[in-house]
1. Size of the chain along its principal axes in angstrom, Cα-based, largest extent first?
2. If each Cα of the stretch 262-349 is one equal point scatterer, what is log10 of I(q)/I(0) from the Debye formula at q = 0.22 Å⁻¹?
3. Between 0 and 90 degrees, rounded to the nearest ten: what's the tilt of helix 22-32 against the longest Cα principal axis of the chain?
4. Which of the GluC sites (Glu not before Pro) found in the stretch 46-142 are loop residues per DSSP with 14 or fewer other Cβ atoms within 10 Å of their Cβ?
5. Angle check, please: helix 215-224 long axis (alpha carbons) against the longest principal axis of the chain (alpha carbons), in degrees 0 to 90, nearest 10.
6. Quick one: Karplus J couplings for the stretch 52-60, per residue in order, coefficients 6.51, -1.76, 1.60, θ = phi - 60°, nearest Hz, x for Gly and Pro?
7. Compare the peptides 145-155, 21-31 by average per-residue count of other Cβ atoms within 10 angstrom and give them in order, highest first.
8. Where nothing but the Cβ of Lys and Arg (+1) and of Asp and Glu (-1) is charged, how large is the charge dipole of the stretch 69-159 around its Cα centre, in debye to the nearest 20?
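Values quoted throughout were computed directly from the atomic coordinates according to the rules given, and no laboratory measurement underlies them. Keep in mind that what you see is a predicted model, and the values were worked out from it rather than measured. Here the Cβ positions follow ideal geometry from the backbone for every residue, glycine too, while neighbour counts run over all protein chains shown.
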Amino acid sequence: MDEIEKLLKELTEAGGVSGHETEVRKLVQKHFKPLGKVSHDRLGSVICKKQGEAAEPRVMLAGHMDEIGFIVSHITKEGFIRFANIGGWWDQVLLAQRVAIKTSKGDVMGTIGAKPPHLLSDEERKKLVDSKDMYIDIGCASAEEVEKAGVRVADPIVPVSQFTVLAGGRTYLGKAFDDRGGCAVVISSLRRMLDVAHPNTLFGVATVQEEVGLRGARTSVSLVDPDVAIILEGTAVNDMPGAANEGHVFRLGGGPVVTLFRQDMIPNRGLRDLIVDTAREHRIRLQIRADRIRGGTDGAAIHLHSAGVPTVALSLPVRYVHSHGSILHRGDFDAAVELLTAVVRQLDRKTVKALTAY
Ligand code: CO
């Protein structure tokens with residue numbers, strides 16, 4: 001594994017359900033430390049300030065470090081664990097998946113279970129199983145045994161999925177590429193900027209609680225108070241069988257995706273053009289998206305900070321996003337770092353001022 005693969009493995013395998021980001025935060029802090037001055041907001045988002053040739057403009061590069069997961073809601077007297085979803089799960093991808101319950105005594109492993117097919121009526125077999133009807137089985141026979149294992153109501157639960165380099169060596173299988181992939185792009189880009197002059201001050205930010213309402217974005221942006229922001233995200237692609245819509249295919253390996261329209265944010269036009277033009281000039285693959293897609297990004301909160309912040313979201317394509325078995329393409333990752341680095345080098349005072357010349 002090379003440096004990027006190691007970074008992605010470390011970040012994606014770490015636990016960090018929204019509101020319980022401690023494990024992944026420690027890793028982010030470790031990677032930020034040699035890159036600049038590290039601080040945090042009071043919800044736990046981490047900020048790395050890297051001063052360039054000028055104090056201004058202040059450039060915010062943000063990815064969220066929280067992941068979707070679950071929380072223990074109830075322990076049955078027979079020793080099964082009922083759970084509540086945190087973030088946007090599609091219940092169909094949950095059954096038979098491994099999870100780790102993060103207890104004060106350490107990780108407790110389990111599997112997500114439900115009534116097996118042998119016991120279902122013909123009618124039941126045709127229906128999707130609701131997560132309310134699932135439970136986590138940790139191999140205990142009573143509530144007392146579960147408690148002895150250290151599990152308590154409200155303990156966070158994370159998906160378990162080993163980072164794996166797939167055949168061909170260019171794609172990776174794992175969980176939480178949304179948005180540890182974005183966090184890794186921020187870290188890698190800051191690393192790259194150690195050897196490169198940039199006419200601004202960079203703030204690499206790993207936000208918390210994005211998946212439950214962009215909360216760490218709101219708190220961290222008030223500390224950073226940026227003049228311009230680029231959000232690094234993971235986004236769903238539709239290059240799998242049966243998903244493409246009228247030929248508008250967003251695909252793995254096609255380059256990062258710049259989203260030109262979302263229900264929650266209309267990106268700054270000048271910044272958008274700068275990104276698109278820079279990609280063209282440097283021959284970096286870029287996919288441009290302006291179709292309907294569910295979900296938002298931290299940009300929705302960040303662009304509304306104070307009197308407004310010119311903001312654009314740049315996303316890594318992820319297949320099967322929000323599941324244990326997501327796939328990321330290395331070419332997209334490298335292209336995102338390349339593009340971000342090239343864009344950041346152009347963000348001087350004059351260029352950023354021009355973004356909001358109305
Ligand atoms: Co995300």
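1. Answer, in whole Å and largest first: 66, 46, 40 Å.
2. Log10 I(q)/I(0), no solvent term: -1.27.
3. Here the helix axis deviates by roughly 30 degrees.
4. On the way: sites: 53, 67, 78, 123, 124; in loops: 53, 78.
Filter output for the stretch 46-142: 53, 78.
5. In the chain, helix 215-224 runs at an angle near 30 degrees to the longest axis.
6. Karplus values, whole Hz, x for Gly and Pro: x, 6, 9, 5, 10, x, 8, 10, 9.
7. Packing order, densest peptide first, comes out as 21-31, 145-155.
8. 160
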